[in-house]
Amino acid sequence: CIKYFKNGLQLLPWGTEIKHKSTPERSKKQLNHFLDVKFNNCAGNKGVRYETNSLDFKVRADGTMYAAHQVQMPLKQRILMVTAWDPQTLGRWDAIVRLLVAEKSQHNGHKPKGRKTVSGEPAQQQSDTLLPWRQHQSSNGLRRQKRDWVIPPINVPENSRGPFPQQLVRIRSDKDKEIHIRYSITGVGADQPPMEVFSIDPVSGRMYVTRPMDREERASYHLRAHAVDMNGNKVENPIDLYIYVIDMNDNRPEFINQVYNGSVDEGSKPGTYVMTVTANDADDSTTANGMVRYRIVTQTPQSPSQNMFTINSETGDIVTVAAGLDREKVQQYIVIVQATDMEGNLNYGLSNTATAIITVTDVNDNPPEFTTSTYSGEVPENRVEVVVANLTVMDRDQPHSPNWNAIYRIISGDPSGHFTIRTDPVTNEGMVTVVKAVDYEMNRAFMLTVMVSNQAPLASGIQMSFQSTAGVTISVTDVNEAPYFPTNRKLIRLEEGVPTGTVLTTFSAVDPDRFMQQAVRYSKLSDPANWLNINATNGQITTAAVLDRESDYIKNNVYEATFLAADNGIPPASGTGTLQIYLIDINDNAPELLPKEAQICEKPNLNVINITAADADIDPNVGPFVFELPSVPSAVRKNWTITRLNGDYAQLSLRITYLEAGVYDVPIIVTDSGNPPLYNTSIIKVKVCPCDENGDCTTIGAVAAAGLGTGAIIAILICIIILLTMVLLFVVWMKRREKERHTKQLLIDPEDDVRDNILKYDEEGGGEEDQDYDLSQLQQPETMDHVLNKTPGVRRVDERPIGAEPQYPIRPVIPHPGDIGDFINEGLRAADNDPTAPPYDSLLVFDYEGSGSTAGSVSSLNSSSSGDQDYDYLNDWGPRFKKLADMYGGGEED
């Protein structure tokens, strides 16, 4: 059923303008029924109510519109909105009514009644005049009433195209006939920012709007109108003027986001909330201009239905409307949502669109299934951490999620826990792995039943598939296993010292391969003392030497040997076994006296020697010991005596009152408590020496006890004194010689100038070859005659430069040793700065010096440009080396 307004016999859809022309004279009268507005709701219009957005006009229940009171029409048109609403269904429908005020024809001679028309003013201007200061008739004529009128609001449509300034209303005071009045307005939009939006003619009182209005910028203005005389005196009280900007639909709805992202679980029921999209319209939200409605334009893909989602037209909530969301088929939907104002009217409203991306999230609605019902594998016996079989499964849920990750379990077939199933995190396959070695002789095959599930539980209503269970057959292959000794680390006990060839035990191994006919051979793997032999066929152990408990190879009375048992399989396998022999001690070691050396004072009763014994055997073949002196030689018992302290210790002391210092060998017989007992005669070296009052041997006494007499000791001391005397004399002689060297006269005579002569000091040459030279060639010539008169050949020519000679220091007549250093330094400084001193800076031609030198040519010595040689030290050698310093010391700067 189509709900619409109608006027008379003409059907007017929503938004149709209803024009009603009225004359200015009629506009000032009480307007009664002037328009019929009817609404058809297909049900007889029962209970339909009407409303308008204006206080000046009302609509009766039958749809007739009338004026609620006397209305002044300041504009050529008046826009109203009529709303029809049903209290039962709460439905609302709006229609726009536009009232146009028509001017009176120019040829019409009738004038408006009740007011005189001013010459030159059209009738329309008089109809727009407001008399804000109310008047009433009395016996004395017109008189101003105390209380002013309440001026109704002035409505100004936004976005008007002008022309500007555009007159809104005219304000007049009835006193303008008596005195000249000036009108003005104040407030926001007049004399306050924004400035000069409204203006008023101070003489006529006409109020104008100067530019287009924007309701979104400012929706209303509050001004005050003032009337004063020419002297500025207030004639009337200020009147409040309220100007409302009528909203026009000039703003599209704008979505907060251009792209919205939402999600919904697959398999969701219809009506499940997905997301909310929101669009805002800057127009007036209380009118249809700002009332936004939503709708879905397109859905991609259109599977399984083209309408999988719906949207609440008012709130923008997107919900599911159809069942069948399946992530495994469609993972994402792209929905284009349109927002339209004018309550969704596509003919008059403005629209905008946004994109809603709806992701279908995965739920565990697909149980994992084995790709085949049976799997098989093979494993060698005695192997662990071996992958036997790979179980492949298929799961249509989202990969690498808890809904997809597989968990495998062995339900039956492995009571001993030989196998486990691990999940490959990449492929999701199940790897059947051996964690406990299997034995071919015990189990030749295993029949496992395995089941697969996911980390996440199945979704509600989803049952496990029969394909989630499979069988795994594992065959065990026989391998050649090594023989083993049933009693490994076999322990036997026997006395030490058994003769060679004694049979100790039979140490045999067992071959676990019962289904293979194989022979076992024995051999010795470890026998540290080489005391044992083993029979290669039956494993019988015999002694190859006497077993000694006191040997270094015995640890805690146990001797340990390792034997090897090998079969003849392919490939051969071998196992090892350890035999431990516990040796029981017998008394086969005599005791030894301790200590071997001692010292004692030459006089008795000052100190004694404590003696004991050591026995390699163990209890009961050790102490208590018996210590005694032998009867031969008789001097032993005459000079010494033994006193027993306990079973292990005794004391040796002097029996006589004095014994000469020296070293004595004292024999002592020590007997143990074995059965039979063993004894041993040991020698202890005793040093007898003189002692001090504390009973300690003196130094001389210790030497004497070592075997040196008094004469020998004195001779040694004399030699030491002589040696020290010689060293002292040598040191004194060296000191004196050093002193003489420092006091020697160092200055030389002036005629022995070192610049012109070679001074011969102490001869330190290497022999005759070192003195074969001509000194005359090194002296400065006085004239050039002897050079020029020489035979033709190589010669030298020194040219002495002409210039002022520096002053050399004068040698003191009686030099002081402290002035020697200063004299030498001053002379060296003068010589360095003397340009006339040889050698001169000139070309020198030297005499021929022969040929056939044994020295090699120096032509191979060249300068390196690599910068390794540092010539900066030439700058420290004085002015004579300045040239060389400039040539070589520049480094990389040159």
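The values are calculated or read from the model by the stated rules, or taken from the named source; none is laboratory data. Since we're looking at a predicted model, the values are computed, not measured. Here the Cβ is made from the backbone with ideal geometry for all residues, glycine too, and neighbour counts use every protein chain on show. Just so you know, the surface numbers come from the protein's heavy atoms only, side chains and all, with ligands and any DNA or RNA stripped out. Shrake-Rupley method; radii C 1.70, N 1.55, O 1.52, S 1.80 Å.
Put simply, of 242, 260 the only residue that is open to solvent by 60 Å² or more (accessible area, probe 1.4 Å) and touching a residue at least 60 places away in the same chain (Cβ under 8 Å) is 242. Checking each residue in segment 168-209 for being in contact with a strand residue (DSSP E or B) (Cβ under 6 Å, 6 or more places away or on another chain) and of a type in the set (Ser, Thr, Tyr) picks out 173, 183, 184, 186, 199, 208. Return yes or no: is residue 514 basic (Lys, Arg), surrounded by 14 or more Cβ atoms within 10 Å (Cβ to Cβ) and either in contact (Cβ under 8 Å) with a residue 12 or more places away in the chain or under 19 Å from residue 584 (Cα atoms) (or both)? For residue 514, the condition - basic (Lys, Arg), surrounded by 14 or more Cβ atoms within 10 Å (Cβ to Cβ) and either in contact (Cβ under 8 Å) with a residue 12 or more places away in the chain or under 19 Å from residue 584 (Cα atoms) (or both) - is not met. The residue of segment 332-351 that is nearest to residue 298 (Cα to Cα), among those that are open to solvent by 40 Å² or more (accessible area, probe 1.4 Å) and not in a loop (DSSP other than H, G, I, E, B), is 336. Within segment 396-434, the set of residues being part of a strand (DSSP E or B), open to solvent by 20 Å² or more (accessible area, probe 1.4 Å) and touching a residue at least 40 places away in the same chain (Cβ under 8 Å) comprises 407, 409, 410, 411, 431. Filter segment 645-682 down to residues that are open to solvent by 50 Å² or more (accessible area, probe 1.4 Å) and among the acidic types (Asp, Glu) and give me whichever is farthest from residue 619 (Cα to Cα). For segment 645-682, the residue satisfying everything is 660. When segment 654-690 is filtered for residues that are of a type outside the set (A, V, I, L, M, F, W, C) and closer than 16 Å to residue 625 by Cα, the ones remaining, listed by number, are 667, 671, 672, 673, 674, 675, 676, 677, 679, 680, 681, 682.
Kindly indicate whether any position in segment 477-497 is under 19 Å from residue 374 (Cβ atoms) and not charged (D, E, K, R). No: zero hits. Can you name the residue in segment 435-445 that is in a loop (DSSP other than H, G, I, E, B) and out of contact with any Asp or Glu (no Cβ under 6 Å at 6 or more places or on another chain) and is also nearest to residue 514 (Cα to Cα) among such residues? Looking at residues that are in a loop (DSSP other than H, G, I, E, B) and out of contact with any Asp or Glu (no Cβ under 6 Å at 6 or more places or on another chain), I get 441. Residues of segment 364-379 that are assigned to a strand (DSSP E or B) and of a type in the set (Val, Ile, Thr): 374, 379. Restricting attention to segment 489-509 and to residues that are open to solvent by 60 Å² or more (accessible area, probe 1.4 Å) and out of contact with any Ser or Thr (no Cβ under 6 Å at 6 or more places or on another chain), the residue that is farthest from residue 392 (Cα to Cα) turns out to be 499.
Applying the condition of being of a type in the set (Asp, Glu) and part of a strand (DSSP E or B) to segment 623-671 and asking which residue is farthest from residue 589 (Cα to Cα) yields 665. Only one of the numbered conditions (1) part of a loop (DSSP other than H, G, I, E, B); (2) in contact with a Lys or Arg (Cβ under 9 Å, 6 or more places away or on another chain) is violated by residue 329, and that is (2). Residues in segment 564-593 that are closer than 30 Å to residue 626 by Cβ and not in a loop (DSSP other than H, G, I, E, B): 4 in all. When residue 104 is tested against the conditions (1) surrounded by 14 or more Cβ atoms within 10 Å (Cβ to Cβ); (2) touching a strand residue (DSSP E or B) at 6+ places or on another chain (Cβ under 7 Å); (3) at pLDDT below 70, the lone failure is (2). When the criteria are applied in full, residue 581 fails the requirement of being under 30 Å from residue 488 (Cβ atoms) and either open to solvent by 60 Å² or more (accessible area, probe 1.4 Å) or among the acidic types (Asp, Glu) (or both). Here residue 355 fulfils each of the conditions (1) farther than 24 Å from residue 469 by Cβ; (2) assigned to a strand (DSSP E or B); (3) open to solvent by less than 20 Å² (accessible area, probe 1.4 Å) apart from (3). With a requirement of 3 or more residues that are modelled with pLDDT of 55 or more and under 18 Å from residue 228 (Cα atoms), the strands (runs of 3 or more DSSP E) lying completely within segment 115-215 that satisfy it span 182-187. In the set 303, 313, only one residue is of a type in the set (Gly, Ala, Ser), over 17 Å from residue 338 (Cβ atoms) and open to solvent by 30 Å² or more (accessible area, probe 1.4 Å); that residue is 303. Residues in segment 446-475 that are in a helix (DSSP H, G or I) and open to solvent by 50 Å² or more (accessible area, probe 1.4 Å): 466, 467.
A single member of 450, 479, 435 is of a type in the set (A, V, I, L, M), under 46 Å from the mean Cα position of the chain (by Cα) and within 28 Å of residue 572 (Cα to Cα), and it is 435. Regarding residue 561, is this residue of a type in the set (Gly, Ala, Ser), within 14 Å of residue 580 (Cα to Cα) and either assigned to a strand (DSSP E or B) or open to solvent by 60 Å² or more (accessible area, probe 1.4 Å) (or both)? For residue 561, the condition - of a type in the set (Gly, Ala, Ser), within 14 Å of residue 580 (Cα to Cα) and either assigned to a strand (DSSP E or B) or open to solvent by 60 Å² or more (accessible area, probe 1.4 Å) (or both) - is met.
Among the residues making up segment 203-238, those that are of a type in the set (A, V, I, L, M, F, W, C) and in contact (Cβ under 8 Å) with a residue 40 or more places away in the chain are 207, 209, 213, 219, 225, 227, 228, 230, 235. Just a yes or no: is a residue in segment 285-307 assigned to a strand (DSSP E or B) and closer than 30 Å to residue 205 by Cα? No, segment 285-307 has no match at all.
Quick one: in segment 65-92, which of the residues that are surrounded by 14 or more Cβ atoms within 10 Å (Cβ to Cβ) and touching a helix residue (DSSP H, G or I) at 6+ places or on another chain (Cβ under 9 Å) is modelled with the lowest pLDDT? Per the stated criteria, the residue is 74.
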